[in-house]
Amino acid sequence: MAEIQIRPAAEADQAIIRQMVRDEDLDPTALHWSHFLIAEIDGDIAGIGQIRPYPNCRELGSLAVKEPYRRLGVGAKIVNALLERETGVVYLECLAHNERYYARFGFKRIPWWRAAMPLKLKAGMGQIVGPLFGFRVIVMRRG
C-alpha cells in the first residue's frame with residue numbers, strides 16, 4: 001500500500017467532505033472545507049477530519065475514514081496532523097465506545113457541562129437525544 005499523504009482541503013473537496021460526513025452520520029454543521037485536512041492514498045481520498053472553530057473553543061470533529069482504508073492508521077495520521085496545529089485546549093464529542101481511541105491522543109473525558117460554550121449546549125442536547133436513539137455521547141478535552 002502507498003503512503004498516506006495529508007493535505008489541506010481545497011474548495012473542490014467540499015462535496016466529498018459533506019458526503020463522507022453524511023455517510024458516517026456525523027455532525028453536519030460547520031463543514032467548511034477550509035477547516036479540514038484530507039488523507040489520500042494513491043490519489044484517493046481515504047479520510048477527512050477538521051478542527052471546528054467556535055468563538056470560545058475549538059473542537060476536533062468530522063473524522064471519517066472510508067471503509068477500505070480503516071485500521072491502516074489513516075484516522076490517527078489525520079488526528080495527529082490536526083493537533084500539531086493547535087496550541088490550546090481542544091474538545092471533542094464522540095460515542096462512548098470511542099473513548100479509548102481518543103485517549104491515546106491525550107484527550108480525557110469531562111462532564112458535558114464543563115465544556116466551553118457553545119459546545120456545552122451541543123453536548124447537553126447529545127445527553128438528551130443520544131439515549132432516545134440508543135447511544136451515549138461523551139465530551140473529551142485535551143490541554
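The numbers here are math on the coordinates, done by the rules we state, and not lab data. Source: prediction; values computed, not measured. With ideal geometry, Cβ positions are generated from the backbone for all residues, glycine too; neighbour counts draw on all protein chains shown.
On a straight-distance basis, which lysines could pair with Lys120 in a cross-link, Cα separation under 24 angstrom, same-chain partners fewer than 8 positions away excluded?
Straight-distance partners of Lys120: Lys108.
Name the most mobile residue of Gly47, Gly124, Gly106, meaning the one with the largest mean-square fluctuation, in a Gaussian network model of the chain with Cα contacts below 10 Å.
Answer for the Gaussian network model of the chain: Gly106.
Given R₀ = 30 Å, what would the calculated FRET efficiency be for Ala12 paired with Thr87, taking r from the Cβ atoms and rounding to 0.05?
0.55
Once phi is turned into ³J(HN,Hα) by the Karplus curve 6.51 cos²θ - 1.76 cosθ + 1.60 with θ = phi - 60°, what whole-Hz value does each residue of the range 129-134 show in order, with x for glycine and proline?
6, x, x, 5, 10, x
Under a 5 Å amide H to amide H cut-off, with H placed in plane at 1.01 Å, what residues pair with Ala46 once short-range neighbours are removed?
Amide H neighbours of Ala46, under 5 Å, 5+ apart: Ala39, Glu40, Ile41.
How high is the FRET efficiency between Asn80 and Ala2 when r is their beta carbon distance and R₀ equals 22 Å, given to the nearest 0.05?
Plugging the Cβ-Cβ distance into 1/(1 + (r/R0)^6) gives 0.75.
Mind listing the long-range amide H neighbours of Phe36? Cut-off is under 5 Å, sequence gap 5 or more, other chains count too, H placed in the peptide plane at 1.01 Å from N.
Ala9
Arg100 to Tyr54: extension gain in nm, 0.36 nm per residue of separation minus the Cα-Cα distance?
14.0 nm
Taking Cα centroids, how far is the range 121-143 from the range 40-98 in Å?
18 Å
Run the quick spin-label model on Arg136 and Arg70: label points 7 Å from Cα toward the beta carbon, then report their separation in nm to one decimal.
Calculated label separation equals 2.1 nm.
Among the aspartates and glutamates, select those whose C-alpha is under 18 Å from the C-alpha of Lys77, and discard any that sit fewer than 8 residues away in the same chain.
Lys77 reaches Glu3, Glu40, Asp42, Asp44, Glu59, Glu67, Glu86, Glu99.
Name the longest site-free stretch of the chain, where the excluded sites are GluC sites (Glu not before Pro) in a DSSP loop with no more than 15 other beta-carbon atoms within 10 Å.
25-85
What list of ³J(HN,Hα) couplings, whole Hz, do you get for the range 36-41 from phi and the Karplus terms 6.51, -1.76, 1.60, once you set θ to phi - 60° and write x for glycine and proline?
Taking θ as phi minus 60°, the curve returns 9, 10, 10, 9, 10, 10 Hz for the range 36-41.
Just Leu72, Leu83, Leu31 to compare: in a GNM of the chain, with alpha carbon springs under 10 Å, which one fluctuates most?
Fluctuation is largest for Leu72.
Report the charge-dipole magnitude of the chain in Debye, nearest 20, computed about the Cα centre from +1 at each Lys and Arg Cβ and -1 at each Asp and Glu Cβ.
Rounded to the nearest 20 debye, it is 780 debye.
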